[in-house]
Amino acid sequence: MTKTNTRRYWLMKSEPAAFSWEDLKSAKNRTTCWDGVRNYQAKNLMRDEIKAGDGVLFYHSNIPSPAIVGIAEVVREGYPDDTAMDPASRYHDPRATRDNPVWYMVDIRAKADLSSPITRNDMRRHPVLSQMDVMKKGNRLSVQPVTKPQWQAVLALATIQDPLV
DNA sequence: GCCAACGTTGGC
DNA sequence: GCCAACGTTGGC
C-alpha cells in the first residue's frame, strides 16, 4: 500500500493572536513544532495517530470570523514536548521527565494558502463540512480528525489541487 | 462581554 | 470513586 492510501487528515486550531497561519508561513522552513498542547486526548493523537505526510487544515479560532485558512503537512510525528521539562517555559509541567515526557508534539509545515478562507458560515451551509468535528458545539479539542471527504470538500471549495499528492 | 460546554482538580 | 468547584475555550 502506498503512503497516499494511508494518509490521514487533521484539523489544528490556533488563535491567530497566539500563532497564526502567517506566523507558520514566515517560520524557518515554513515549519513549527506544535508545542504547548496540554490536553490528554490531543496528546494521545499526536503521540500515537498523527504520522508524517498526514494533511492538516489550519484553523483560526477565537476571532470574529473563525475559518480554515491554510493547508499544512505533518513533517515529524510524535516526539516529546520538551517545553514541559523546562521550568522557564509557560508550558512547564513538573511531572515531565526525560523518561516520562507526559506531553508530545508534532511538526507541521505550511503547504498552500486557500484561495480564500473557509469560514464557519461557509461550513455551516455545506453538506459535508457542516458535519466536521469543529462545527460541533462545545468541541474544544485543538487537534481533531478530518475525514477524507471533508478534506476533499475543503480543497474543492478552495479551488486548489491537493498540495500533498 | 456573555455564557455554554468541557477538562481538571481536590475534598471527601 | 464521586462530584462540586473552578478555570479555560471559543462561538456568538
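In table form, for the structure just shown:
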read-out	value
Condition check for residue A:79: surrounded by 14 or more Cβ atoms within 10 Å (Cβ to Cβ), in contact with a helix residue (DSSP H, G or I) (Cβ under 7 Å, 6 or more places away or on another chain) and among the aromatic types (Phe, Trp, Tyr)	no
Matching entry among A:112, A:156 (being in contact with a strand residue (DSSP E or B) (Cβ under 6 Å, 6 or more places away or on another chain) and either farther than 16 Å from residue A:56 by Cα or free of Cβ contacts under 8 Å to residues at least 60 places away in the same chain (or both))	A:112
Index of the failed condition, residue A:52 passing every other in (1) modelled with pLDDT of 95 or more; (2) more than 16 Å from DNA strand C (Cβ to nearest atom); (3) in contact with a Ser or Thr (Cβ under 8 Å, 6 or more places away or on another chain)	(3)
Complete set of residues in segment A:113-147 that are of a type in the set (D, E, K, R) and either within 12 Å of residue A:11 (Cα to Cα) or within 15 Å of DNA strand C (Cβ to nearest atom) (or both)	A:120, A:122, A:124, A:125, A:133, A:136, A:137, A:140
Scan of segment A:95-128 for residues that are more than 16 Å from DNA strand B (Cβ to nearest atom) and of a type in the set (Val, Ile, Thr), ordered by number	A:97, A:106, A:108, A:118, A:119, A:128
Any hit, segment A:24-41, residues being of a type in the set (Lys, Arg) and out of contact with any strand residue (DSSP E or B) (no Cβ under 9 Å at 6 or more places or on another chain)	yes
Which numbered condition residue A:69 fails, given (1) over 23 Å from residue A:25 (Cβ atoms); (2) away from DNA strand B (no atom under 16 Å from the Cβ)	(1)
Residues within segment A:62-71 that are touching a Ser or Thr at 6+ places or on another chain (Cβ under 9 Å) and buried (at least 16 other Cβ atoms within 10 Å of the Cβ), tallied	4
Members of segment A:129-152 that are surrounded by fewer than 20 Cβ atoms within 10 Å (Cβ to Cβ), in contact (Cβ under 8 Å) with a residue 24 or more places away in the chain and away from DNA strand B (no atom under 16 Å from the Cβ)	A:147, A:148
Residue ID - nearest to DNA strand B (Cβ to nearest atom), chosen from residues in segment A:47-59 that are surrounded by fewer than 22 Cβ atoms within 10 Å (Cβ to Cβ) and of a type outside the set (D, E, K, R)	A:52
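Yes/no per residue for (1) under 16 Å from the mean Cα position of the chain (by Cα); (2) part of a strand (DSSP E or B):
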site: A:64; (1), (2): no, no
site: A:69; (1), (2): yes, yes
site: A:74; (1), (2): yes, yes
site: A:98; (1), (2): no, no
site: A:116; (1), (2): no, yes
site: A:134; (1), (2): yes, no
site: A:138; (1), (2): no, no
site: A:141; (1), (2): yes, no
site: A:165; (1), (2): no, no
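The rows are residues; the columns are (1) part of a helix (DSSP H, G or I); (2) among the hydrophobic types (A, V, I, L, M, F, W, C); (3) free of Cβ contacts under 8 Å to residues at least 12 places away in the same chain.
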position: A:16; (1), (2), (3): no, no, no
position: A:29; (1), (2), (3): yes, no, no
position: A:42; (1), (2), (3): yes, yes, no
position: A:48; (1), (2), (3): yes, no, no
position: A:53; (1), (2), (3): no, no, no
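The values are calculated or read from the model by the stated rules, or taken from the named source; none is laboratory data. This is a predicted model, so every value here is computed, not measured. With ideal geometry, Cβ positions are generated from the backbone for all residues, glycine too; neighbour counts draw on all protein chains shown.
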